[in-house]
Amino acid sequence: YLNEGFEGGSTRFFKRVGNEDFQVAGDVIPRKGSAMCFFHGKHPLSPLHEGSPVVSGTKYIIRSDVLYELPQLGEEETEAATSAPASAKRADTASRSFYDLGPGR
């Protein structure tokens, strides 16, 4: 979310009740500098959701999709990937908690 100073504009999630009914599961209130990620489209874990109307002011957002497909590895690549241990240098933020990584941090 890129700004505050508007009313409304939450992202509302719904849960299924029975075979065809839905009820509100919760609202995510936009906060400047925050981001929200969830499965989308035809993914089996994609939640039913809507962008609630902005009642006053202007809401600015950036929306992006991450699309990927896992590559099919050949026999040699699979053996190489599973036989040698992987190592990586930890990023500075890796040891910080999720809540420490809020807006502007």
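The values are calculated or read from the model by the stated rules, or taken from the named source; none is laboratory data. In this text, all values refer to a predicted model and were calculated from it rather than measured experimentally. Using ideal geometry, Cβ is built from the backbone for each residue, glycine included, and neighbour counts are taken over all protein chains shown.
Couple of notes before you dig in:
- Residue match in region 82-91 (condition: at pLDDT below 90 and not in a loop (DSSP other than H, G, I, E, B)): yes
- When residues of region 1-23 are limited to those that are assigned to a loop (DSSP other than H, G, I, E, B) and in contact with a strand residue (DSSP E or B) (Cβ under 6 Å, 6 or more places away or on another chain), the one nearest to Phe38 (Cα to Cα): Ser10
- Tabulated pairs, region 1-19, first on the phi > 0 side of the Ramachandran plot, second at pLDDT 95 or above and aliphatic (A, V, I, L, M), C-beta under 6 angstrom, 6+ apart or interchain: Gly8/Val54; Gly8/Val55; Gly9/Val54
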